[in-house]
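As structure tokens, the structure follows; a few thoughts come after it.
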Amino acid sequence: MSERKVEPTRTRATHLAHLALSLAAGACVVAIAYAFTRLVQAWVYPSPDPRTVTHVAHVAFYWRLAQSAWVGGLGAIGASALFARAPERAERALPALALATALAITLQGVLVP
């Protein structure tokens, strides 16, 4: 007969750690997605019409923010799934994700202020 693998019971602290890790990863993905969409927008549309900059700049910002929040939500779901399968691997990946976030936002700030 095959033995069933018995998983340890999840405590409240484990659930909170799972939630915190997922939210942190989602927040990092939001920042990376925003930097990416800002760089792509600057590359595809290098010089906006000066007459429409005031109005359109705000609309473009909110659109980039909405897209980034959606992608960040997907990142949080992915991090939650990773944490459920391999918590130690997810915990090791978070510092690298934070570093990638800092690099993406810094590059976006330098290249497209």
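Readers should treat all values here as calculations from the given coordinates under stated rules, not as data from a laboratory. The model shown is predicted, which means the values in this text are computed figures rather than measured ones. Here the Cβ positions follow ideal geometry from the backbone for every residue, glycine too, while neighbour counts run over all protein chains shown.
List of remarks:
- Extended-chain gain in nm, criterion 0.36 nm per residue less alpha-carbon gap, Ala81 and Val110: 7.1 nm
- Compared with the direct C-alpha span, the chain from Ala60 to Thr11 gains 13.3 nm at full extension, assuming 0.36 nm per residue.
- With θ taken as phi - 60° and the Karplus curve 6.51 cos²θ - 1.76 cosθ + 1.60 applied, the whole-hertz 3J(HN,Hα) list for the stretch 27-36 is 5, 5, 5, 4, 5, 5, 5, 5, 4, 5 Hz, x standing for glycine and proline.
- Sorting Val30, Val44 by the number of Cβ atoms found within 10 Å of their own Cβ, with the fewest placed first, yields Val44, Val30.
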